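Enquirer: Have a look at this one before I ask anything.
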Amino acid sequence: MRRKDREVTDLKKIEDVISRCTCCRIGFCDDGEVYIVPLNFGYEIKNDAYVLYFHGAKEGRKADLIRKSPNVGFEMDTDLKVYTNKEIDIACGYIARFQSIIGNGTISMVTEYDEKLRGLSLIMGHNVAKREWKFDEKMVNAAAVFKLEVTKLSCKEHK
């Protein structure tokens with residue numbers, strides 16, 4: 001990270017930032033093109049590493065790319081606020097405050113039923129702040145659940 005003064009290394013602070021993010025953008029490489037998909041997500045920490053869960057369709061460009069090339073990049077951010085220096089009312093007098101997470105990992109389809117339930121529960125819990133859910137078996141079987149095992153992560157904060 002170029003701006004070391006903005007780097008966040010405290011693990012509790014990093015988790016706090018992730019817990020407040022509502023959208024994770026996944027970047028795929030697709031035959032020389034970058035394909036970015038914004039998704040809601042849930043997460044857990046396993047063996048000191050983040051595992052992010054997403055849901056979607058079993059078919060389509062995203063599902064095809066997961067099968068074809070599982071190495072992805074991701075980004076999430078929160079608390080964006082733009083401020084101005086009232087003494088200098090020009091474009092360069094404005095500044096953005098934010099917190100962001102950027103990383104890499106391996107994404108795959110979840111096929112085991114219990115892990116699909118776990119992933120769906122984490123997604124719902126992260127987005128609705130409720131932990132106990134009942135799922136219809138047909139709906140679970142029809143849904144695709146993806147997991148991204150994070151291999152590299154950095155957190156940045158500009159206050």
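Every residue, every condition in (1) touching a Phe, Trp or Tyr at 6+ places or on another chain (Cβ under 7 Å); (2) in a helix (DSSP H, G or I); (3) among the acidic types (Asp, Glu); (4) without any contact (Cβ under 8 Å) to a residue 40 or more places away in the chain, yes or no:
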site	(1), (2), (3), (4)
Cys92	no, yes, no, yes
Ala96	no, no, no, no
Ser100	no, no, no, no
Gly103	yes, no, no, no
Leu117	yes, yes, no, yes
Leu120	yes, yes, no, no
Met124	yes, yes, no, no
Asn127	no, yes, no, no
Arg131	no, no, no, yes
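Enquirer: Continuing with the same structure: From the list Asp30, Asp10, Asp16, which residue is on the phi < 0 side of the Ramachandran plot and open to solvent by 80 Å² or more (accessible area, probe 1.4 Å)? Spell out the reasoning first.
Expert: Working: Asp30 fails: open to solvent by 80 Å² or more (accessible area, probe 1.4 Å); Asp16 fails: open to solvent by 80 Å² or more (accessible area, probe 1.4 Å).
None of the others qualify; the one that does is Asp10.
Enquirer: Take the residues of region 114-159 that are hydroxyl-bearing (Ser, Thr, Tyr) and farther than 30 Å from Val82 by Cβ: which is most open to solvent (accessible area, probe 1.4 Å)?
Expert: Step one: of region 114-159, the residues hydroxyl-bearing (Ser, Thr, Tyr) are 121, 151, 154.
Filter again for farther than 30 Å from Val82 by Cβ, leaving 121, 151.
Details: Ser121: 31, Thr151: 107 Å².
The extreme case among them is Thr151.
Enquirer: Related question: Taking only region 49-63 into account, find how many residues are within 16 Å of the chain's Cα centre (by Cα) and open to solvent by less than 40 Å² (accessible area, probe 1.4 Å).
Expert: If we filter region 49-63 for residues that are within 16 Å of the chain's Cα centre (by Cα), which is where we start, we get 49-56, 62.
Those left that are additionally open to solvent by less than 40 Å² (accessible area, probe 1.4 Å): 49-54, 56, 62.
Count: 8.
Enquirer: Residues in region 33-48 that are part of a strand (DSSP E or B), within 20 Å of Leu117 (Cα to Cα) and open to solvent by less than 60 Å² (accessible area, probe 1.4 Å): how many?
Expert: Applying the first criterion (part of a strand (DSSP E or B)) to region 33-48 yields 33-39, 42-46.
Next, from what is left, pick out any that are within 20 Å of Leu117 (Cα to Cα): 39, 42-46.
Right, trim to open to solvent by less than 60 Å² (accessible area, probe 1.4 Å) and you get 39, 42-44.
The number of residues fulfilling the criteria is 4.
Enquirer: Return yes when Ile66 is touching a residue at least 60 places away in the same chain (Cβ under 8 Å), more than 21 Å from Lys159 (Cα to Cα) and open to solvent by less than 40 Å² (accessible area, probe 1.4 Å) and no when it is not.
Expert: Yes; evaluated as a whole, the condition is true for this residue.
The values are calculated or read from the model by the stated rules, or taken from the named source; none is laboratory data. This one's a predicted model, so the numbers in the text were calculated from it and none came from an experiment. Here the Cβ is made from the backbone with ideal geometry for all residues, glycine too, and neighbour counts use every protein chain on show. For accessibility, only protein heavy atoms count, side chains too; no ligands or nucleic acids. Shrake-Rupley method; radii C 1.70, N 1.55, O 1.52, S 1.80 Å.
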